[in-house]
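J.: What follows is a single structure, and I will ask about it in a moment.
Every number in this text was worked out from the coordinates using simple rules, so none of it is lab data. None of the values given here were measured: they were computed from a predicted structure. Glycine gets a Cβ as well: all are built from the backbone with ideal geometry, and neighbour counts include every protein chain shown.
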Protein chains: 4
Amino acid sequence: MSLPNTIGSSFAFTCFGESHGRCVGVVIDGCPTGLEISDQDIQTKLDLRKPGQSIVTTQRAEQDRVEILSGVFNGRTTGAPICLVIWNSDVRSSDYEKFLNTPRPGHADYPAIVKYSRMNDYRGGGRFSGRITAGFVMAGAVAEKLLVSTLSLKIFAYTVELGGLKTDPSKFSFEEIIRSRYSNEVRCPDSAVAQRMKDLIVEERGKGDSLGGVVECTVLGLPVGLGEPVFSSIESEISKAIFSIPAVKGIEFGSGFAGARLKGSENNDAYSQSENGQIVTKTNNSGGILGGLSNGMPLVFRTAFKPASSIAKSQESVDLSTGKDTSLVVPGRHDPTVVPRAVPVIEAMASCVVADLAIRGGFVPKVLKRN
Amino acid sequence: MSLPNTIGSSFAFTCFGESHGRCVGVVIDGCPTGLEISDQDIQTKLDLRKPGQSIVTTQRAEQDRVEILSGVFNGRTTGAPICLVIWNSDVRSSDYEKFLNTPRPGHADYPAIVKYSRMNDYRGGGRFSGRITAGFVMAGAVAEKLLVSTLSLKIFAYTVELGGLKTDPSKFSFEEIIRSRYSNEVRCPDSAVAQRMKDLIVEERGKGDSLGGVVECTVLGLPVGLGEPVFSSIESEISKAIFSIPAVKGIEFGSGFAGARLKGSENNDAYSQSENGQIVTKTNNSGGILGGLSNGMPLVFRTAFKPASSIAKSQESVDLSTGKDTSLVVPGRHDPTVVPRAVPVIEAMASCVVADLAIRGGFVPKVLKRN
Amino acid sequence: MSLPNTIGSSFAFTCFGESHGRCVGVVIDGCPTGLEISDQDIQTKLDLRKPGQSIVTTQRAEQDRVEILSGVFNGRTTGAPICLVIWNSDVRSSDYEKFLNTPRPGHADYPAIVKYSRMNDYRGGGRFSGRITAGFVMAGAVAEKLLVSTLSLKIFAYTVELGGLKTDPSKFSFEEIIRSRYSNEVRCPDSAVAQRMKDLIVEERGKGDSLGGVVECTVLGLPVGLGEPVFSSIESEISKAIFSIPAVKGIEFGSGFAGARLKGSENNDAYSQSENGQIVTKTNNSGGILGGLSNGMPLVFRTAFKPASSIAKSQESVDLSTGKDTSLVVPGRHDPTVVPRAVPVIEAMASCVVADLAIRGGFVPKVLKRN
Amino acid sequence: MSLPNTIGSSFAFTCFGESHGRCVGVVIDGCPTGLEISDQDIQTKLDLRKPGQSIVTTQRAEQDRVEILSGVFNGRTTGAPICLVIWNSDVRSSDYEKFLNTPRPGHADYPAIVKYSRMNDYRGGGRFSGRITAGFVMAGAVAEKLLVSTLSLKIFAYTVELGGLKTDPSKFSFEEIIRSRYSNEVRCPDSAVAQRMKDLIVEERGKGDSLGGVVECTVLGLPVGLGEPVFSSIESEISKAIFSIPAVKGIEFGSGFAGARLKGSENNDAYSQSENGQIVTKTNNSGGILGGLSNGMPLVFRTAFKPASSIAKSQESVDLSTGKDTSLVVPGRHDPTVVPRAVPVIEAMASCVVADLAIRGGFVPKVLKRN
């Protein structure tokens, strides 16, 4: 219960690696035996998160080619721990030493300096870099494959707000969202809004500034009763996972903060029977979760990302060696917003948590049958 | 990592008991040896959460007297597990059997029926009842005493929104909030708004309806560097704990969802040196957390509570035995809003998480010196 | 992974209580829903461990009546945590204060004084007392009921050596051992040897001395493949559990230490097919475990108990206040050997570990079907 | 609490890799920040375990060169997870497929086939190979460096019995044992006995047979009070770790099984004050552990290894495809005894457990001071 770099209990993973170290990797433990998995299954997901993809992301050029180091044999998982790594290559570390004296606003520099007595690897943000989420994506690719293979789940995230520009995803069917979410650089299912979001990013990047936004994630097909009570509620487990992604500052399920303004008679989701005999709710203010358990409706949650901390504008800081106030400009190649690249990361963490709960609840067996 | 009724790793607790069973209790493991703790220390906190306190809460009449069953000797913690219980008395269980056939909207009835094949204790909601948070409050009382004794922390929550009525807590000093938050039934530091909130609750209760709201929590005095990386970030650990409280549907830290609409240059908190030589930030959009670690500024988070699910109005449900749609009225004694009684629960869970991280980080020793 | 009073991950329990405190108890988490369990199921096991049963045990008179405080409803487990307690009554604490200054040889007094700065509950040994194993027996009763109900396992321990007197259990069939092991005070299936063991105990008690011994435990009916790899091998999990029993100083599986003197050609167990088509081994030097997993043969392990530390003879110690050597006589009512009362404790811990591994491996479902 | 490939809670490691896969590795989490560690520190330990070292080991030729992939920066640990790997090279996998049909006696083949439905990586034994202990040794090298640097501990194991040939280690001083234990191929401090052990190994290898033995391990310098109560006693934690080493079938602490034949008056260790004012015991039958905690005396435990399962002699097995009895000869390059190469593995696991308990108990800080 206490390993800060490990998450999950039945489908779990441990992550390692630094932004400018040798590599970034994960070790997955608990993946059922017999899952067919290939490099390409994982690479496809990594490519969605890869830096340098488009005008709205950092220009750091990494290939991010996955290598499977263990746990897969004859194209299937063996039940043994699965180690996956990508190797770092395009590293420019010279800029970072000065932040040991002048911490960047909005970054982990200052508390990390204090916590680790300046002995942490500060290059590129080290362990506090968003680059570690490449590991999350690799683990998530395995989790998602498992969930699709065994429970036919659909897990998909998409940008619903960026720099204050919003779309209403209820305008689109789930199928439309699934199909279109990766069709533009900002990963917004609403192509008109997406274009405005993109324009805004380019504009603010030009000014040396950055933007935040909100990503929604939906999971379709959850079995009723998935989730565990109390401290392992779906909300507890997902929020813990999501807040491990750098720049996340809020999460809400279903009607969330807006629901806090509704009355019970408005927010409660009435039950009815669907045409195929399923128990459904007429609305989904609960986001598919009651008492921490799935009620079989779509699991829906939204994640708030702060604007990226690294900006080209001059900022106020303190020179720790003298205690004097000073100013700072953060050089380097940065994302003007983390939102588009965070979309596959959210999908990955949602997949890992759901896979964990699915195995814990007995919805997925420990050994998969061969086809 | 997988026990759904246990939270924490260094200061941990396991909870047990049901709404209409014999008792509700917790076993705390990891509390440092030598903490002075009395029944009264715990009772004071329990009394803040007790049902039947005021017009805005349920009229169930429980004494909720704590009993310390283990782990305390000569008025001090011994290092052994601390078992704390309250006994249930005012139980009226006859009403609940019908919900096994006709699940209440907004409650855990339906997914619990499926998950446990109707064998869970459904009386009063069983394990899904808000009553289990009495256990959280007992554990939190010990955690808070520990944090006050060793680190002089201040942990306080307060209602900032109820039924759409809001206050802006920045109008008040921390001292004012600490002093006044329990001075009215809704636990809002703004007495004018509190009165309107109370009136609204009474009005909606009269209509058989319920309300939601938002509780803010602040922790003062955190040492810089408290928190662990990645999956044990302060946000990850607090959110996991907070979402275990029934009716919680959202959480945000610092500027949260609003911050997602700011630019980096607006949301980044500039550093400066305070008069006493401390490194501080001029704003606190981060909510005191950078990279998952405390930067020494006040930890601030807000929790969204949905309106209480139990309402007197007729609601639509399904008769599970026939599959036919039906309607349902939920009888019994219920809270028209959970928000006021949730305030001490939020404080308790915040205290438990911070105590856990404080011990993990080495900020609190395993054995306290005798005075 | 770090709670010292909790064991298990899928079928887990947390223990609390002290020898001379209010009670001794456990909270079981993870027991499948739907197991029929009664007070009497647990009491039957507790009675086998109860003090004051016979001439070979302590004369402390405790009723040790179990109370089920949570997790059982309508005679079945609900999936919620199961809290079980017994209340202490026959407590004589006056004698123990002096051991704070003059630690008893063979007891935990001295390291506990140092570890807890004299703030632990020292009365009756506090948490270091064998009395906490009453909690293990309560948890084990539930685990054993689960394993018998679902997998028809047989779990039985028995004394094979006491004070140097040995029996060879291979002289008896499993059925004979199961039937006869509780038929005499020393829990030895060999009635002739049992009588000599008993005589020896009485003799040494008369001299103010104590005895140790060896308990063997057998589990029949394990499914092939039960157990998890590496750190959760059957041997790892059982040994961790068994060494939590006070006075245990050794454990061996199958041929154990004697097997270390054999050649591979002698110690390897040859496979063959039994008449009913099962794969069996002709010998069982592995104790039913290969690679940490069950091979379907009987699981066999032996546990070495040191002679009870509390003896009436004068012993050498140190006066911690002066640093001078001194002598000490331990008064009170003590077991002249812990072996007979440890037999049901071994069965209990074996049951808990096997239940945990059975659930982890998917051999037992999370929800049992109603009959 | 449930990850089978992870051990420890404060100093923990997760292992991965297979005998004939790409690599064997570990990820250490929780190592304090600021420990100076080099490739060479780890390589020195790996070399002690390396195959092909001498006439008494397998002739598989692996370089076993460690690579530090993460967690070390500027020659010091950073507080981030430390990934260490060795790459496999001298792999001959063709022989193993037949064991899927005809399981080798004494190996994990049969239960693994059943557990994983023949989908585990069987080459070279896969995860059940002793080769995974190379990972243990890498983790142990870091743990030992930590314990030496901070607490000046001495951790050393040595062969005390092999093929029935014994030495009495009490004939040698600790310094002699430390100095001489790696001076011969069998790692026995008694050079005369070592020669006979070696001769016996060579003789039995010639006959196609194998031998077992007993390794003793001593840890000097433990602080009084190290260890945690109940399920995290020193014995519980060490035994769990030691039984994860393939071929281990028994463990005993202090007087162990022999102590079970002593009387309390003989086995209790009398206290006295040493010349330098320390509280010591005149004997050490407890193996330095009372109530699961260190009493400051040398921690002593012995581990029984069965004879290596892979022998050249013909053995009886079953053809799983036909169910008929058959015979089997295991080809390949095998250790005629695992004992000599297990000595550094025992040291490694002892180091990891003690490091974990030292951090949990607050005996080692989270951040080490720079020299």
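J.: With +1 assigned to the C-beta of every Lys and Arg and -1 to the C-beta of every Asp and Glu, and no other charges, what is the dipole magnitude of region D:118-208 about the Cα centre in debye, to the nearest 20?
T.: Details: 15 positive and 11 negative charges, 78 e Å.
That gives region D:118-208 a dipole magnitude of about 380 debye.
J.: Between B:GLU67 and B:LEU100, what's the calculated FRET efficiency when r is the beta-carbon distance and R0 is 41 Å? Round to 0.05. Could the numbers behind the result be given before it?
T.: Working: r = 32 Å, r/R0 = 0.79.
E(calc), rounded to 0.05, equals 0.80.
J.: Averaged over peptide B:15-28, how many Cβ atoms belonging to another chain are found within 10 Å of each residue's Cβ?
T.: Numbers: counts 9, 12, 7, 7, 0, 1, 9, 5, 3, 2, 8, 1, 12, 3.
Neighbouring Cβ atoms belonging to other protein chains average 6 per residue here.
J.: What angle do you read, to the nearest 10 degrees and between 0 and 90, between the alpha-carbon axis of helix C:191-206 and the longest principal axis of chain C?
T.: Rounded to the nearest ten degrees, it is 20.
J.: Over 18 Å apart: what share of the alpha carbon pairs of region C:194-239 falls there, rounded to a whole percent?
T.: Values: 574 of 1035 pairs.
I get 55 percent for the Cα pairs in region C:194-239 exceeding 18 Å.
J.: A further question on this structure: Could you calculate, for region C:268-371, the ratio of the Cα radius of gyration to the Kirkwood radius, expressed as Rg to Rh?
T.: That ratio is 1.23, to two decimals.
J.: Evaluate E = 1/(1 + (r/R0)^6) for D:SER38 and B:SER38, where r is the Cβ-Cβ distance and R0 equals 35 Å; express this FRET efficiency to the nearest 0.05.
T.: Values: r = 53 Å, r/R0 = 1.51.
Efficiency for this residue pair is about 0.10.
J.: Quick one: grab the alpha carbon gyration tensor of region A:97-179, order the square roots of its eigenvalues as a ≥ b ≥ c, and give me rounded if a/c is under 1.5, else prolate or oblate depending on whether a/b is larger than b/c.
T.: oblate
J.: How big is region B:214-298 in terms of Cα radius of gyration and Dmax, in angstroms?
T.: Every Cα atom of region B:214-298 included, Rg and Dmax give 13.6, 43 Å.
J.: Remind me, relative contact order of region C:137-241 in percent, using alpha carbon pairs under 8 angstrom and six or more residues apart?
T.: Values: 105 pairs, mean separation 34.0, N = 105.
RCO, region C:137-241: 32 percent.
J.: Sticking with this structure for a sec: Please give me the summed charge of the neighbours of C:GLU235: other residues whose Cβ is under 13 Å from its Cβ, Lys and Arg +1, Asp and Glu -1. Could the numbers behind the result be given before it?
T.: Working: positive: C:LYS240, C:ARG302, D:LYS240, D:LYS249, D:LYS306; negative: C:GLU228, C:GLU237, C:GLU252.
After counting each charged neighbour, the total is +2.
J.: If you don't mind, another one. Over region D:1-118, what is the mean sequence separation of C-alpha contacts under 8 Å (at least six apart), divided by residue count, expressed as relative contact order in percent? Numbers along the way, then the final one.
T.: Numbers: 171 pairs, mean separation 27.9, N = 118.
Contact order relative to length: 24 percent.
J.: With 10 Å bins from zero, work out the P(r) of region A:25-82 over every alpha carbon pair and list the percent per bin.
T.: Per 10 Å bin, starting at zero, the Cα-Cα P(r) for region A:25-82 comes out as 22, 43, 22, 13, 0 percent.
J.: What is the sum of charges around C:LYS154, taking Lys and Arg as +1, Asp and Glu as -1, for the other residues whose C-beta is under 10 Å from the C-beta of C:LYS154? Mind dumping the intermediate values first?
T.: On the way: positive: none; negative: C:GLU144, C:GLU175.
Spelling it out: positives minus negatives among the neighbours equals -2.
J.: How many nm is it between the label spots at D:SER314 and D:SER183, if each spot is 7 Å from the Cα in line with the beta carbon?
T.: Once both label points are built, they end up 4.6 nm from each other.
J.: According to the Cα gyration tensor, what semi-axes, each the square root of 5 times an eigenvalue, does the equivalent ellipsoid of region A:132-180 have, listed from largest to smallest in whole Å?
T.: Values: eigenvalues 123, 60, 7 Å².
So the equivalent ellipsoid measures 25, 17, 6 Å along its semi-axes.
J.: Note the distances from C:ASP47 to each other copy's matching label point, with points 7 Å along the Cα-to-beta-carbon direction, in nm, sorted shortest first.
T.: Spelled out, the distances from C:ASP47's label point are 4.6, 6.6, 7.1 nm.
J.: OK, next. Among C:ILE177, C:ILE113, C:ILE37, which one shows the highest mean-square fluctuation when chain C is modelled as a Gaussian network with alpha-carbon springs under 10 Å?
T.: Among C:ILE177, C:ILE113, C:ILE37, the largest mean-square fluctuation in the Gaussian network model of chain C belongs to C:ILE113.
J.: Could you quickly flag the chain D residue whose beta carbon comes closest to the rotation axis taking D to B, and that distance in whole angstrom?
T.: Measuring from each Cβ to the axis, the minimum is at D:SER2, 2.
J.: Suppose a student asked you for the relative contact order of chain C, using Cα pairs under 8 Å spaced at least 6 residues apart; what percent would you report? Kindly include the intermediate steps, with their values, before the conclusion.
T.: Details: 778 pairs, mean separation 85.5, N = 371.
Across chain C, relative contact order equals 23 percent.
J.: If you rank A:SER117, D:SER327 by fewest surrounding Cβ atoms within 10 Å, what's the result?
T.: Details: A:SER117 16, D:SER327 12.
By the 10 Å Cβ count, ascending, the order reads D:SER327, A:SER117.
J.: Quick one: Cα centre-to-centre distance for region C:147-213 and region D:279-342, in angstrom?
T.: Computed from Cα coordinates, the inter-centre distance equals 27 Å.
J.: Could you size up the charge dipole of region B:31-157 around its Cα centre, putting +1 on the beta carbon of Lys and Arg and -1 on that of Asp and Glu, and report it in debye to the nearest 20? Intermediate values should be presented prior to the final figure.
T.: Working: 16 positive and 13 negative charges, 74 e Å.
Around 360 debye, computed over region B:31-157.
J.: Can you work out the base-10 log of I(q)/I(0) for the protein assembly as shown at q = 0.08, 0.09 1/Å, using the Debye formula on its C-alpha atoms alone?
T.: -0.99, -1.27
J.: Note the distances from B:ARG196 to each other copy's matching label point, with points 7 Å along the Cα-to-beta-carbon direction, in nm, sorted shortest first.
T.: List, nearest first: 3.1, 9.1, 9.5 nm.
J.: Just B:ALA241, B:ALA157, B:ALA143 to compare: in a GNM of chain B, with alpha carbon springs under 10 Å, which one fluctuates most?
T.: Looking only at B:ALA241, B:ALA157, B:ALA143, the largest GNM fluctuation is found for B:ALA241.
J.: If you take the square roots of the eigenvalues of the alpha-carbon gyration tensor of region A:103-244 and sort them as a ≥ b ≥ c, do you get rounded (a/c under 1.5), prolate (a/b over b/c) or oblate? Kindly include the intermediate steps, with their values, before the conclusion.
T.: Values: a/c = 2.23, a/b = 1.17, b/c = 1.91.
In terms of gyration-tensor shape, oblate.
J.: In degrees, nearest 10, range 0 to 90: what is the angle between the Cα axis of helix A:339-360 and the longest Cα principal axis of chain A?
T.: 40 degrees
J.: With axes computed from alpha carbons, what is the tilt in degrees of helix B:133-151 against the longest principal axis of chain B, rounded to the nearest 10 within 0 to 90?
T.: Result, in degrees: 10.
J.: Report the FRET efficiency, 1/(1 + (r/R0)^6), for D:VAL91 and C:ARG92, where r is their Cβ-Cβ distance and R0 is 51 Å, rounded to 0.05.
T.: On the way: r = 67 Å, r/R0 = 1.31.
That pair, D:VAL91 with C:ARG92, gives E of 0.15.
J.: In nm, give the distance between the simple-model label positions of A:GLU175 and D:GLU266, each being 7 Å from the Cα along the Cα-to-Cβ direction.
T.: 8.3 nm
J.: Right, something else. May I ask you to compute the full-extension gain from C:THR326 to C:GLU203, defined as 0.36 nm times their residue separation minus their alpha-carbon distance, rounded to one decimal in nm?
T.: Working: separation 123, 0.36 × 123 = 44.28 nm, distance 2.76 nm.
Contour length minus Cα-Cα distance gives 41.5 nm.
J.: So the label point sits 7 Å from Cα along the Cα-to-Cβ vector; using that for D:LYS207, what distances do you get to the other copies, in nanometres, sorted shortest first?
T.: Result for D:LYS207, in nm, nearest copy first: 4.2, 8.7, 9.3.
J.: Sort out for me the Cα centre separation of region D:345-365 from region B:356-371, rounded to whole Å.
T.: Cα centres, region D:345-365 to region B:356-371: 20 Å.
J.: What Kirkwood hydrodynamic radius do you get for chain A when you take the inverse of the mean 1/r over all pairs of distinct Cα atoms, in Å? Intermediate values should be presented prior to the final figure.
T.: Working: mean 1/r = 0.0464 Å⁻¹.
By the Kirkwood definition, the hydrodynamic radius is 21.6 Å.
J.: Ordered by residue, what ³J(HN,Hα) values in Hz, to whole numbers, does region A:304-315 give under the Karplus form 6.51 cos²θ - 1.76 cosθ + 1.60, where θ = phi - 60° and Gly and Pro are x?
T.: For region A:304-315, the Karplus-derived couplings read 8, 9, 6, x, 3, 6, 7, 10, 7, 6, 5, 10 Hz, x marking Gly and Pro.
J.: Compute a Gaussian network model of chain C, connecting alpha carbons closer than 10 Å, and tell me which residue from C:ARG60, C:ARG179, C:ARG127 fluctuates the most.
T.: C:ARG179
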